[in-house]
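Below you'll find the structure I mean.
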Amino acid sequence: MLSTPASSNSPLIGAAAPALLLRVSGLAVHFFTGDGVVRAVDGVDYQVRQKETLGLVGESGSGKTVSSLALLRLVPRPARVVSGRIAFEGEDLLAKSERQMQAVRGKRIAMIFQNPAYSLNPIYSIGDQLGQILRWHDKIGRKESLARVAELLRLVGITDPVSRLTQFPHELSGGMKQRVCIARALLCNPALVLADEPTTNLDVTIQAQILDLLDELKGRLGTSMLLVTHDMGVVARMANRVTVMYAGRICETGEVRTIFRDPQHPYTRALLESMPRIDQSYSGPVKPRLAAIAGRPPNLIAPPSGCRFHTRCPEAVPDCQRLLPEMAEISPGHAVSCLRRGSPGRETVGAVA
Amino acid sequence: MALDASAMTASPGTAAKPPRTRPPGVWVQGWRRFRHNTTGMLGLSLVCLVVAVAVIGPFVVHYDPNDQSAMIKFGAKSAPSLQHLLGTDRMGYDVLSRIVYGAPTALAVGLGTMLVASVIGITVGGISGYAGGMVDELLMRFTEFFLVIPVFIIILAVVRLFGIVVVGTPLESIPYLNLMTIVFLLGLFGWPPIARLVRAELLRLKQMEFVEAARCIGTLRRDILLRHILPNALPSIVVVVALGIGGAILAEAMVSFLGFGDPKAISWGQLLYFNYEALKVAPWASVAPGAAIFITALGFNLLADGLADAFNPRLKQ
């Protein structure tokens, strides 16, 4: 596991390390399906500090969305959080009662969804469905709640917010809906916003606007953000730190700069190489090909023994089939789980049935 | 209320008064599409006609439905004339007033049946779809069990037996007890389609992101069901209910035609039952109630058809 004291003391660029807001340790979420136990998230650690954006990156099926839903204790059936600790604002979320969790959801931790078209209820007007949240969480009156909703709509850059209150979701464009969703997430001034691929379903120009907006709001409101995405470009633009996930495990975590300039884990490297770079020419006589990662993500019912990436890893050595690497810090704030980078390994052959 | 200052000042007071006018929601939108739907509008007109007859008719017609005085002057089975616009029937009743007084009965049967069916259907389907798993499995098998029961035989048997059992008990004095039994039984056997539809809608809506979003903002399970899922399923429910009303009216007519109807209630099916033997002599006495049943059932079916089109988002232009 990550040697935490060192990492939480490591300085952010140009500032003293802010306090830790969220610390997830040893989180495991398993899906109990008819075919067997899918270890979607299997011993994951990450931290989000105050006012920081952590990018959680990985391909589909790597467990990034499930591990973020676990923060709200809303993993879909048949999944269950089987172990781990989620310390948020000094409290263990996994130890809370369902009732106590209801006060956390939306109020302290809010979520922005992938598809704005479906994440608003079609039968309620914008003012109604957003105001409803405020009335429920903050126990305020209807008038007051609508005023607050309008104020937030203005904040997320919606023109004429007061008249939007009575509009219905289908009357808004996709980008507009995502703005409304962002406003909804920020309604109760949450300490942490979970953004699950917030721009994947938007067209490119709108993506840029939404990212700008998120960036601006985060700065203004001092909210921390957990940005779940598969898009390294979005991470480079938005995040302070990155955690890379593969097959339910963390590969590498560190400052965005470090990860992009000096990726250590072979998976991170492969991920970055599979992305076109602006400083490289793709025309001309010699056309470099974008590198793809060979093979497919492993079946998580029976994950590969040892390091989960060894089946696709260009640098794999025989030990990788046997030993499951654990996170180890290689420089302040930069931790990797790879035997080739000196991470300690744990015997797994025989341990996983 | 601790946002940054610029946002606060940016909206000086304007946010405080939301306008009253509401732009179109699902219902208004549905109505707009419905208005352009010829079959739907035809159905609605027919239904309105029946409702109008039921409400206004009794004040317009000249004869009491139980008035047999025509026997004295015109005689039974007399052809339509100015005094008796639709003639008289085998028992000397004025056919027109029997038809008019039969309309409220038909509507009451249709609405009552679907009320009973909806309550059971929405409850069973709702629990089934929302809970899922074993509960769902059991409730759906239970629903299928109800689907395969030969409804009419049971209704006829229960109506007859119940009619005998109540004799001599205080229950006997309840007006229209027989009719209410029929309505209740029709509802009791009419809910499975509603339950299945509600379950299907719930399974679909449960997966929607806005439901997940509602969960993520801490909404209670009960509120998610009542405020987010059920209202979205309502348009489809309205369609099956409208369809069911027509079916229920037909079913009651059938029960009455077989002679198991409420003797005190005036029902179209019963008119047929009393007069079909005189079909050749006094066709008006049988054709008129037949036409009334036809118009009403057709009206509700067309209405349901139109509603289905209007609420179907795929037909949105």
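Every number in this text was worked out from the coordinates using simple rules, so none of it is lab data. Source: prediction; values computed, not measured. Positions of Cβ are generated from backbone atoms using ideal geometry, with glycine treated the same way; all protein chains shown enter the neighbour counts.
Amide H to amide H under 5 Å from A:Cys251: which residues, 5+ apart in sequence or cross-chain, H placed 1.01 Å off N in plane?
Amide H neighbours of A:Cys251, under 5 Å, 5+ apart: A:Val244, A:Met245, A:Tyr246.
Quantify how strongly other chains surround peptide A:109-119 by giving the mean number of their Cβ atoms within 10 Å of each of its Cβ atoms. Before the final figure, lay out the partial values.
Details: counts 3, 4, 5, 2, 5, 1, 3, 2, 2, 7, 8.
Shielding by partners across A:109-119 averages 4.
Rounded if a/c is under 1.5, else prolate if a/b beats b/c, else oblate: with a ≥ b ≥ c from the C-alpha gyration tensor eigenvalues square-rooted, which is region A:214-347?
Working: a/c = 1.91, a/b = 1.22, b/c = 1.57.
In terms of gyration-tensor shape, oblate.
Something else about it: What is the protein assembly as shown by shape, rounded, prolate or oblate, if you read a ≥ b ≥ c off the alpha carbon gyration tensor as root eigenvalues and call it rounded for a/c under 1.5, prolate for a/b larger than b/c, and oblate otherwise?
Details: a/c = 3.14, a/b = 2.38, b/c = 1.32.
The shape class here is prolate.
For region A:241-310, which trypsin sites (Lys or Arg not before Pro) are both in a DSSP coil and crowded by at most 16 other Cβ atoms within 10 Å?
Values: sites: A:Arg241, A:Arg249, A:Arg257, A:Arg261, A:Arg269, A:Arg277, A:Arg289, A:Arg308; in loops: A:Arg277, A:Arg289, A:Arg308.
Within region A:241-310, the qualifying trypsin sites (Lys or Arg not before Pro) (loop, at most 16 other Cβ atoms within 10 Å) are A:Arg277, A:Arg289.
Quick check on the exposure proxy: order A:His230, B:His84, B:His62 from fewest to most C-beta atoms within 10 angstrom.
Numbers: A:His230 16, B:His84 22, B:His62 11.
With the sparsest Cβ surroundings first, the list reads B:His62, A:His230, B:His84.
As a test, work out the antiparallel percent of DSSP beta bridges whose residues both lie in chain A, rounded to the nearest 5.
Working: 35 of 54 bridges.
Given both bridge residues lie in chain A, the antiparallel proportion sits at roughly 65 percent.
Near A:Lys218, which aspartates and glutamates are there with a Cα under 17 Å away, not counting those fewer than 8 places off in the same chain?
In chain and number order, the partners are A:Glu52, A:Glu151, A:Asp196, A:Glu197, B:Asp4.
Could you tally the net charge around B:Asn37, taking each other residue with its Cβ under 11 Å from the Cβ of B:Asn37, Lys/Arg +1 and Asp/Glu -1? Write down the numbers at each step before the final one.
Working: positive: B:Arg32, B:Arg33, B:Arg35; negative: B:Asp305, B:Asp309.
Charge balance in the 11 Å sphere: +1.
Past 26 Å, Cα to Cα, is the threshold; run A:Lys107/B:Lys206; A:Lys96/A:Lys143; A:Lys64/B:Lys206 against it and keep the listed order. Let's see the in-between values first.
Values: A:Lys107/B:Lys206 23 Å; A:Lys96/A:Lys143 33 Å; A:Lys64/B:Lys206 22 Å.
Beyond 26 Å: A:Lys96/A:Lys143.
Within region B:228-250, name every residue whose backbone N is under 12 Å away from a label modeled 7 Å from Cα of B:Ala200 along the Cβ vector.
Only B:236-237, B:240 pass the distance filter.
Ok, one more. Using alpha-carbon positions, what is the distance between the centroids of region B:63-117 and region B:138-198, in Å?
Region B:63-117 and region B:138-198 have Cα centres separated by 27 Å.
For each of A:Phe88, B:Phe210, count neighbouring Cβ atoms within 10 Å of the residue's Cβ, then give the residues from fewest to most.
Numbers: A:Phe88 21, B:Phe210 25.
Least to most surrounded, the residues fall as A:Phe88, B:Phe210.
Kindly put B:Met114, A:Met176 in sequence by how many other C-beta atoms sit within 10 Å of each C-beta, fewest to most. List each step's numbers first, then the result.
Working: B:Met114 27, A:Met176 21.
By the 10 Å Cβ count, ascending: A:Met176, B:Met114.
Rounded, prolate or oblate, given the Cα gyration tensor of region A:113-170, with a/c below 1.5 counting as rounded? All intermediate terms of the calculation are to be shown ahead of the outcome.
Values: a/c = 1.66, a/b = 1.25, b/c = 1.33.
Oblate.
Still on this model: What is the packing order of peptides A:150-158, A:100-108, taking the mean over residues of other C-beta atoms within 10 Å and listing the highest first?
Numbers: A:150-158: 23.2, A:100-108: 18.9.
So the order, starting with the most tightly packed, is A:150-158, A:100-108.
Quick one: helix B:95-131 against the long Cα principal axis of chain B, what's the angle to the nearest 10°, folded into 0 to 90?
Tilt relative to chain B: about 30 degrees.
Report the per residue volume, in Å³, of the convex hull enclosing the C-alpha atoms of chain A.
Working: hull volume 55.4 nm³, N = 353.
So the per-residue hull volume is 157 Å³.
So how far, in whole Å, is the C-alpha centre of region A:18-64 from the one of region B:240-268?
About 61 Å separates the Cα centre of region A:18-64 from the one of region B:240-268.
Still on this structure, please answer the following. Kindly express, to the nearest 10 degrees and within the range 0 to 90, the angle between helix B:177-190's C-alpha long axis and the longest C-alpha principal axis of chain B.
The helix B:177-190 is inclined about 40 degrees to chain B.
With both bridge residues required to lie in the protein assembly as shown, what share of the DSSP beta bridges run antiparallel, to the nearest 5%?
Details: 36 of 55 bridges.
Rounded to the nearest five, the antiparallel share is 65 percent.
Find out how many positive minus negative residues lie around B:Gln207, taking Lys and Arg as positive, Asp and Glu as negative, among other residues whose Cβ is under 14 Å from that of B:Gln207.
On the way: positive: A:Arg77, B:Arg199, B:Arg204, B:Lys206, B:Arg215; negative: B:Glu201, B:Glu209, B:Glu212.
So the environment of B:Gln207 carries a net charge of +2.
May I pose another question? Tell me the net charge near B:Val183. Cut-off is 13 Å between Cβ atoms, B:Val183 excluded, with +1 for each Lys or Arg and -1 for each Asp or Glu.
Numbers: positive: none; negative: B:Glu252, B:Asp262.
The answer is -2.
Still on this model: Relative to a virtual label point 7 Å from the Cα of A:Ile140 in the Cα→beta-carbon direction, which members of region A:181-209 show backbone nitrogen distances below 17 Å?
Backbone N within reach: A:183-191.
Show which aspartates and glutamates lie in cross-link reach of B:Lys280 when reach means a straight Cα distance below 17 angstrom and same-chain residues fewer than eight apart are skipped.
Output for B:Lys280: B:Asp89.
Taking only Cα atoms, what is the 0 to 90° angle, nearest 10, from helix B:192-206's long axis to the longest principal axis of chain B?
10
I need the calculated FRET efficiency for the pair A:Ala236 and B:Ile164, taking r as the beta carbon distance and R₀ as 60 Å, to the nearest 0.05. The partial results should precede the final answer.
Working: r = 84 Å, r/R0 = 1.40.
For R0 = 60 Å, the calculated efficiency reads 0.10.
Further question: Report, in whole Å, the centroid distance computed from the Cα atoms of region A:297-346 and region A:76-149.
Value for the Cα centre distance between the two parts: 36 Å.
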